Amino acid sequence: MTTPKVKALKTSKMAAYIGVSSSVILTDFGQPTATVASASNLKWWLYNLNNQSYLKIGIDQYTKKVAAIFVVGPSKAQGKLKVGLSFKRLLQLTTLYANFKFNYREQAFQYELSENDLNRHPLISFKNGSYAIAYLKPKTKQIYALEYLNTDTLLKKNLYHLVAPVPLPAQYQGEVDWQQLEQMLPADFLQLVNAKRRQQSRAVIPVDPNLNAQTHAAADKLFKSPRNWLQSAQAKQLKSILNDDFSQKKTIFLHRSKLSKKRLKLLGLENYSKVKLWVIAPIYSSSTIFDQPKLLSSWINSFVETGRYRIGMYYEHGVLVIISSKGGI
């Protein structure tokens, strides 16, 4: 395969932070509003909470340097490549390549992006050796979020097809502060939802304590007897995820429309036509939703571009359960 030489884009203000020390981030951005642990060696620093320009900065816990930045809203630091940019303007700004060849730890890698990749989450390279994934909004194809990464983090995402598969760096470390993550991941998920709602001048969504309790109860039933809701293979996969088997890659995405009345009755939800139930696994970072176009589209339709609703969430060992309601429950 002939791979054209990729013309790297001039390093943007945000891309320039990839690889810098965490002390530089503290100087330029100040102390984070909150931090979120992860199942990898990254620790996410959260900024601009309760704001439409909410962003996350991933600090490598071994090197103490910036390995990833996730941006979901407008920011002066973004430069020309920014959230909200049209696909047409993106094509004017840079060439989108289908093939990327690069070296990492004395090994050669080559990505081959499919047509779907180019139309959903194209990859962009910068002159400083960093990358950006532009997550495009379904249908409109505007940039909905941007993720800046170093090579190590890009490979760990395993988002694109490797032409000649070679051993990849392990994505997850297997030692997780579950207590902190189980508290923060649902909160981080809701921050992303509300950042996007603010961009559209929509009312923000609060967590409903009663719905939280209902969600926890539904999650307990699902975790104890997954075969009541999932097919045999998925039920087995769910058990593996709950037992911290980080090798599970295939996504479980269950929502209310896939549940029979009998199964809804087991959850105590059969009488609530306005109730929506979601189960997503494995998920170790709220931004994982952006990796999968169908999941992103459903996320936008169900949580961002809809009227007011109440929400309850429960998260345990890689499994996120959500119940939202426009009526009583």
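Table for the structure above
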quantity	calculated
V83 vs. criteria surrounded by 21 or more Cβ atoms within 10 Å (Cβ to Cβ), at pLDDT 90 or above, assigned to a loop (DSSP other than H, G, I, E, B) and of a type outside the set (K, R)	yes
Sole residue being modelled with pLDDT under 85 and surrounded by 13 or more Cβ atoms within 10 Å (Cβ to Cβ), chosen from D188, D245, D208	D245
Verdict on Y17 being more than 17 Å from the chain's Cα centre (by Cα) and either at pLDDT below 90 or crowded, with 18+ Cβ neighbours inside 10 Å (or both)	yes
Candidate set from region 218-229 (those that are among the hydrophobic types (A, V, I, L, M, F, W, C) and either closer than 21 Å to Y284 by Cα or out of contact with any Leu (no Cβ under 9 Å at 6 or more places or on another chain) (or both)); member that is surrounded by the fewest Cβ atoms within 10 Å (Cβ to Cβ)	F223
Meets criteria (open to solvent by less than 60 Å² (accessible area, probe 1.4 Å), touching a residue at least 40 places away in the same chain (Cβ under 8 Å) and more than 17 Å from the chain's Cα centre (by Cα)) for V66	yes
Among residues of region 86-103, those that are of a type in the set (A, V, I, L, M, F, W, C) and either within 22 Å of L42 (Cα to Cα) or free of Cβ contacts under 8 Å to residues at least 24 places away in the same chain (or both), counted	2
Exclusive hit being in contact (Cβ under 8 Å) with a residue 24 or more places away in the chain, within 30 Å of E316 (Cβ to Cβ) and of a type outside the set (K, R), set V36, V83	V36
Failed item in (1) modelled with pLDDT under 95; (2) crowded, with 21+ Cβ neighbours inside 10 Å; (3) closer than 22 Å to L90 by Cβ, with L155 passing the rest	(3)
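The values are calculated or read from the model by the stated rules, or taken from the named source; none is laboratory data. Since this is a predicted model, take the numbers as computed values, not measurements. With ideal geometry, Cβ positions are generated from the backbone for all residues, glycine too; neighbour counts draw on all protein chains shown. Protein only, heavy atoms only, side chains kept; ligands, DNA and RNA dropped before computing areas. Shrake-Rupley method; radii C 1.70, N 1.55, O 1.52, S 1.80 Å.
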